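Colleague: Next up is a structure, given as structure tokens.
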Amino acid sequence: MTTLQKMAAAVKRLRTAYVPGAKARRFFLGVEQFSLSEFSSLNAAGRRLGLNRWTGENRIRRLVTDETLPVHLQRLLVSEALASRRGQWYCSLDHSQFGPFCIAILAVSHRKGRAVPIWCQVNVSEAGLIAPLLLALEDLLQFLRSNAPDLQLVLVMDRWFASDKLFTLFTQYGTYFIARTKGDKLVQLPWDPSWWKEPIHDISHPELPITYHGHKLRLIRSDYDETMKDPEPWFLLTNLPEEITRRMVLNRYAERFEIEEAFKDVKWLQRLEWQRVRKPEVIRTLILFVFLGWWLMWRYTAKDIPKQRAHPKKKLSWFRQAWEYLQRLLRTPLLPPVPVALWGGGKK
């Protein structure tokens, strides 16, 4: 089977397994218009259908405003990415601004330069994200507890997520985490009285057990010198057991930047930076179809691409290679290819 045939068969299998028959037409339409192509606008996607303009635009509008379709998409992505996993799996949790929306995104780290996003929570502002994020994460952890009992999730997070409420939720569900925190946060040291708190930036130990808002954690400090870009070293809080060494924790946190690179690709290669969506439910549906495209490319396209023979600094990411490879497969050439024998020669 060719790459496109494999992907088409996979989409049909996913529809059968996760999407009701009544939603099949909209599911296939979303995959075709949003998962594997650049985004221009919702109305342009409708006009690409080749139908009457108003008919095409109305079909897209009904697709993105369907209230139950994103629920099926979210379950599909999480199940395919995590339900069959065993042992510890590291995922990055971060948030980014997409137009007027602040979107928290969970992505699976495969240690290949780009994390694969599988879950999102949409909010209209960063300030109001934490409350709905707690509810959404609790639903996710409950789903994984029921459908992936052998999975041990490890969340790797930036400073914004170093929250007492989030730590309490993770502890309740037995979820491990690595969270960067600011140097001015106050923690309790094991040899100080219970009422005494010390700023993290005053602690010189590379690794130390501490107490933060009642949570027994490990504080891990990265090495630092004045030539680094950051004004301070990494201060990491984690509840991982001691057999996960300090160096392993630092290496895993460094992989968190894979999700930052994924944000750039979603915004620039797939052009979600210029979307003009104004409704949270619409952007969530759109984002989940984009994530489905990432999963399809990781699963069925990335492995078909030949290895690069280029300088390490000139190598492309797996996503850019897969994306450009897939666009070549999907594009119908305007003119027939010119035989090599007829290529114009250079200077004689």
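Colleague: List, please: which pairs have Cβ atoms under 7 Å, are six or more places apart or on different chains, and start with a residue in segment 118-147 that is free of Cβ contacts under 8 Å to residues at least 12 places away in the same chain and end with one that is surrounded by 14 or more Cβ atoms within 10 Å (Cβ to Cβ)?
Modeller: Short answer, once both residue conditions are applied: 132/121; 132/123.
Colleague: Considering only residues of segment 177-228 that are exposed (fewer than 12 other Cβ atoms within 10 Å of the Cβ) and of a type in the set (Gly, Ala, Ser), which is nearest to the chain's Cα centre (by Cα)?
Modeller: 214
Colleague: Output yes when any residue across segment 4-16 is more than 24 Å from the chain's Cα centre (by Cα) and within 20 Å of residue 276 (Cα to Cα), and no when none is.
Modeller: no
Colleague: For residue 187, are the conditions met, namely being touching a residue at least 24 places away in the same chain (Cβ under 8 Å), closer than 27 Å to residue 97 by Cβ and among the β-branched types (Val, Ile, Thr)?
Modeller: Spelling it out, it is not the case that residue 187 is touching a residue at least 24 places away in the same chain (Cβ under 8 Å), closer than 27 Å to residue 97 by Cβ and among the β-branched types (Val, Ile, Thr).
Colleague: Ok, one more. Specify the residue that is surrounded by the fewest Cβ atoms within 10 Å (Cβ to Cβ); the eligible residues are those in segment 250-285 that are closer than 22 Å to residue 181 by Cα and aliphatic (A, V, I, L, M).
Modeller: 254
Colleague: Hey, another quick one. Filter segment 150-159 for residues that are in contact with a strand residue (DSSP E or B) (Cβ under 7 Å, 6 or more places away or on another chain) and in a loop (DSSP other than H, G, I, E, B) and give the result.
Modeller: Within segment 150-159, 158 is the sole residue that qualifies.
Colleague: For segment 83-95: of the residues being among the charged types (D, E, K, R) and assigned to a loop (DSSP other than H, G, I, E, B), which is surrounded by the most Cβ atoms within 10 Å (Cβ to Cβ)?
Modeller: It comes out as 85.
Colleague: Can you tell which of 69, 49 is at pLDDT 95 or above and either under 30 Å from residue 243 (Cβ atoms) or not charged (D, E, K, R) (or both)?
Modeller: The unique qualifying residue is 69.
Results for (1) modelled with pLDDT under 95; (2) touching a Leu at 6+ places or on another chain (Cβ under 6 Å); (3) small (Gly, Ala, Ser), shown as yes or no for each residue.
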site	(1), (2), (3)
186	yes, no, no
189	yes, no, no
204	yes, no, yes
236	no, no, no
240	no, no, no
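Colleague: Looking only at helices (runs of 4 or more DSSP H) that lie completely in segment 1-82, which have at least 2 residues being surrounded by 15 or more Cβ atoms within 10 Å (Cβ to Cβ) and of a type in the set (Ser, Thr, Tyr)?
Modeller: In segment 1-82, the matching helices (runs of 4 or more DSSP H) lie at 3-18.
Colleague: Tell me which of these residue 294 doesn't satisfy, since it passes every other one: (1) touching a strand residue (DSSP E or B) at 6+ places or on another chain (Cβ under 9 Å); (2) assigned to a helix (DSSP H, G or I); (3) over 16 Å from residue 34 (Cα atoms).
Modeller: (3)
The values are calculated or read from the model by the stated rules, or taken from the named source; none is laboratory data. Computed from a predicted structure; not experimentally measured. In this analysis, Cβ positions are derived from the backbone assuming ideal geometry, glycine residues included, and neighbour counts consider all displayed protein chains.
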